[in-house]
1. If all Cα-Cα distances of region 1-137 are sorted into 5 Å bins from 0 onward, what percent lands in each bin, rounded to whole numbers?
2. How far, in degrees from 0 to 90, does helix 228-238 lean away from the longest principal axis of the Cα atoms of the chain, to the nearest 10?
3. Place a +1 charge on the Cβ of each Lys and Arg in the chain and a -1 charge on the Cβ of each Asp and Glu, then give the dipole magnitude about the Cα centre in debye, rounded to the nearest 20.
4. Could you calculate the contour length gain from Val51 to Arg284, that is, 0.36 nm times the residue separation minus the distance between their Cα atoms, to one decimal place in nm?
5. Sorting check: for 252-264, 208-220, which peptide has the highest mean count of neighbouring beta carbons within 10 Å, and how do the rest follow?
6. Could you give the alpha-carbon Rg of region 277-330 over 2.2 N^0.38 Å, rounded to two decimals?
7. Indicate, rounded to the nearest 5 percent, the antiparallel portion of the DSSP beta bridges found entirely in region 1-160.
8. Report ³J(HN,Hα) in whole Hz for each residue of region 184-197, in order, from the Karplus equation J = 6.51 cos²θ - 1.76 cosθ + 1.60 where θ = phi - 60°; Gly and Pro get x.
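The numbers here are math on the coordinates, done by the rules we state, and not lab data. Treat the numbers as computed from the prediction; the structure is a model and nothing was measured. Virtual Cβ from ideal backbone geometry, glycine too; neighbours counted across all protein chains shown.
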Amino acid sequence: MYPSILFIGGTGTISSACVAEAVSLGYEVTVLNRGRGVGLRPLPAEVRTIVADLEDDEAIRSALSSQSWDSVADFCSFATDRLSRNVDAVKGHTGQYIYISSASAYAKPVPSLPIRDSSPLRNPFWQYSRDKIACEELLTGLYRNEGFPATIVRPSHTYDQTQVVLEGGWTTVDRMRRGLPVVVHGDGTSLWTVTFNTDFAYMFAGLLSNPAAVGEAYTITGDEFLTWDAIFTELAHAAGVESPDLVHVSSDTIARYAPDMGPGLIGDKAHSVVFDCSKVRALRPGFVQKVPFHIGARRVITFLDAHPEARSVKAPVNEAFDRIIAAVRG
């Protein structure tokens, strides 16, 4: 009998691809979510669904403790209170608890490259990352003290065809198409990795119900490391813009004019990152990055051009970019 897997989430950017990969391998897959529709990421027909609101503690405890699974994959815990609730509910009901953390948890500024699974965790700039670190510490303590079968996964910037990976999202693509300047943080030469969700899912599947993964942490990204200028340019070309007007602005300046963008830039994207993913690759050999970014960028633009309901031009983002560009161009 194939392993049984419960996904807490299951229709998000990363989890939807992992669900599909698990189904393709023959696993018995159950998804727990609010049941409010799957939008642009439909679930495979083989998937069983448990409907429960993640904000309803009693409903979640009842759903999670009512049966057992070989693995539980938690994509929806962003702070220790929710994670503790979920863990308490599945104790004794699963042989593995896979927690989706974040590669932004690795120390910033980056002390050395490549970043490995054993690299230190510290992020004084972004609360999101600090919350993920706290969740990892909770699980590490439970594994060491009680033998709770935790596995930690750290994705970096993972996307699918519904998402523009730039600050400002579709608003930035729209600006490039209209010949307007767009903001690139720093000098555009820092290195970044963007991983298509199906490439992530191939590696993730090697962890499922794998006893060798218990008590371990794994970084999962693709093999491609690009400058931000290259990322902007590939998306511009995919959108039919040959020569985008890229305005390089320090991350501190962007944060001053657009505070909502500050933590994610200064705490993550402003830093060059190169990851060593050899540890996770050993659990499922044969990985090949099937969607390099020059292909992924075209998938994104093609999809969003065909689905106007999935894109939007946001006036506050435009206004913030105009203020930033006016300031740096005098």
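1. For region 1-137, the pair-distance distribution reads 2, 10, 19, 19, 18, 15, 10, 6, 2, 0.
2. Rounded to the nearest ten degrees, it is 80.
3. So the dipole magnitude of the chain works out to roughly 200 debye.
4. This chain segment gains 80.7 nm when fully extended.
5. 208-220, 252-264
6. For region 277-330, the normalised Cα radius of gyration comes out at 1.91.
7. 5 percent
8. Calculated HN-Hα couplings, in order: 10, 6, x, 9, x, 9, 5, 8, 9, 10, 10, 10, 5, 4 Hz.
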